[in-house]
Amino acid sequence: MNKIVTLDEFIIQNQEMHQDAGGHLTRLLRDIGIAGKIINREVNKAGLVNILGIDGSANISGDEVQKLDVFSNEKMIECLRSGGQCCGIASEELDEFIRFTNKQSMNSDYIVVMDPLDGSSNIDVNVSVGTIFGIYKRKSKAGTKLKADDFLQKGTDLVASGYVLYGTSTILVYTTGNGVNGFTLDPTIGEFCLSHPDIKIPQRGNYYSVNQGYYLKFDVEMRRFIDECSDMNLRLRYIGSMVSDIHRIMFQGGIFLYPNTRKYPEGKLRLLYECNPMSMIVEQAGGKAMNCRLERILDLPVSHVHQRSTIAIGSPDMVDEMKTFVQRYSAVPV
Ligand code: AHM
Ligand code: MG
């Protein structure tokens with residue numbers, strides 16, 4: 001039987017690969033792992049404790065907020081605040097970023113951006129949801145008051161990114177810029193255990209993932225590319241949970257698209273805490289991620305915490321093919 005490598009052991013073993021002085025990133029990643037276990041526990045019994053359903057509020061992006069969203073946001077904040085390894089958080093569920101005021105946190109170099117529960121429209125119907133996180137070094141001096149600028153950093157400045165997928169099993173996938181590794185939660189010991197070392201995305205795959213219901217609202221070049229995917233007999237897989245749809249592509253190859261529509265002229269997904277962390281992970285696994293204007297996601301300037309972006313992400317050959325369709329058919333020169 002292979003030796004079990006827990007997330008904690010793996011993070012510590014690879015600590016020297018982080019440009020991290022005192023092991024703070026190690027402890028921050030472990031704090032996120034703890035939050036993932038707590039959220040997993042509630043996701044798995046959401047149907048039983050009346051945590052389902054709409055709590056009536058809506059977040060700044062206008063998405064109806066489900067109770068589990070609120071719970072997940074609160075648990076992540078609690079774990080990160082008490083862990084003392086980051087000095088502030090920007091979250092899909094918070095209108096503005098928050099600063100931690102305890103001394104240890106204020107002296108931390110790291111900030112966290114997150115979508116505490118992505119794919120929340122799936123909660124009530126028992127379909128997979130996920131947590132997305134990204135970790136930056138603050139730009140302002142440790143100990144001083146955190147500024148908005150500390151959060152408005154490009155994806156290329158990410159120190160680490162990851163997601164937790166609450167699916168048929170619960171898996172945590174993360175990168176610190178030296179490849180991508182997956183850890184499956186073993187509930188019998190309460191540990192995330194290394195299950196998918198050194199994940200590499202296939203060059204291409206048999207899946208494409210897009211909300212076909214918006215087809216007629218996409219620009220012509222996107223419709224032509226989607227037609228090509230269909231003509232090539234690719235299989236459409238789209239469950240309305242970005243983490244789940246991209247996780248499949250990480251292992252089986254394919255492309256995930258969220259182009260601009262009339263409702264979302266800049267795209268629906270948020271750059272800071274959805275597109276950038278997922279793009280870092282996919283690029284680290286050998287994939288590509290760009291917006292529908294063919295700009296690399298990780299290079300995009302971030303001007304607002306809830307800024308939206310279009311996205312085409314996945315197997316490199318398929319993202320390149322999408323690029324040729326945009327160049328060939330776009331009414332607007334790109
Ligand atoms: P959420 O973070 O509020 O759940 O919204 C993001 C989700 C993504 O996970 C998913 O890819 C997308 O919204 C689905 O949007 P749509 O229902 O418009 O296809
Ligand atoms: Mg989301």
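The values are calculated or read from the model by the stated rules, or taken from the named source; none is laboratory data. What you are looking at is a predicted structure, and each value in this text was computed from that prediction instead of being measured. Using ideal geometry, Cβ is built from the backbone for each residue, glycine included, and neighbour counts are taken over all protein chains shown. Quick note on the areas: whole protein, heavy atoms, side chains included, nothing else; ligands and nucleic acids left out. Shrake-Rupley method; radii C 1.70, N 1.55, O 1.52, S 1.80 Å.
A few comments on the model shown:
- Charge dipole (the chain, unit charges on Cβ, about Cα centre) - positive-most of Ile11, Ala142, Asn291: Ala142
- The range 316-322 - phi-based ³J(HN,Hα) in whole Hz, Karplus 6.51/-1.76/1.60, Gly and Pro as x: x, 4, 7, 5, 5, 5, 4
- Derived scalar couplings between HN and Hα for the range 149-160 equal 4, 4, 9, 8, 10, 5, x, 5, 8, 4, 8, 7 Hz in order, rounded to whole Hz, by the Karplus curve 6.51 cos²θ - 1.76 cosθ + 1.60 (θ = phi - 60°), x for Gly and Pro.
- Around the amide H of Lys154, modelled in the peptide plane, lie the amide H atoms of Val302, all under 5 Å away and 5 or more residues distant in sequence or on another chain.
- Annotation: extensible slack from Leu294 through Asn107 equals 63.4 nm (criterion: 0.36 nm per residue apart, minus Cα-Cα distance).
- Around the amide H of Glu191, modelled in the peptide plane, lie the amide H atoms of Asp186, all under 5 Å away and 5 or more residues distant in sequence or on another chain.
- When the charge dipole of the chain is built from unit charges on Cβ atoms (+1 for Lys and Arg, -1 for Asp and Glu) and taken about the Cα centre, the candidate among Val210, Met76, Ser91 whose Cα reaches farthest toward its positive end is Ser91.
- What the range 207-329 shows is 38 Å² of accessible area per residue, with the surface traced by a 1.4 Å probe over protein heavy atoms.
- Distant alpha-carbon pairs in the range 7-196 (separation over 19 angstrom), percent: 58
- Antiparallel bridge percentage (DSSP; both residues within the chain; nearest 5): 85
- Once the Kirkwood radius over Cα pairs is known for the range 209-332, the Stokes-Einstein relation at 10 °C and 1.306 mPa s delivers a diffusion coefficient of 111 µm²/s.
- For Ala160, residues with placed amide H under 5 Å, excluding near neighbours: Ile135
- Eigenvalues of the alpha-carbon gyration tensor of the chain, scaled by 5 and square-rooted, set the equivalent ellipsoid semi-axes at 30, 22, 21 angstrom, largest first.
- Dipole magnitude of the chain, debye to nearest 20 (Cβ charges: Lys/Arg +1, Asp/Glu -1, about Cα centre): 300
- For the chain, carbon and sulfur atoms together expose 49% of the accessible surface, with a 1.4 angstrom probe and every protein chain in place.
- Theoretical FRET efficiency, 1/(1+(r/R0)^6), r = Cβ-Cβ of Gln252 and Asp186, R0 25 Å, to 0.05: 0.60
- P(r) weight above 16 Å for the range 149-245, C-alpha pairs, percent: 70
- Phi angles across the range 228-237 convert, under the Karplus curve 6.51 cos²θ - 1.76 cosθ + 1.60 with θ = phi - 60°, into 3J(HN,Hα) values of 4, 4, 5, 4, 7, 6, 5, 9, 7, 10 Hz, Gly and Pro given as x.
- Out-of-range pairs (alpha-carbon distance over 18 Å; input Lys45/Lys75; Lys217/Lys263; Lys75/Lys145; Lys45/Lys67; Lys103/Lys145): Lys75/Lys145
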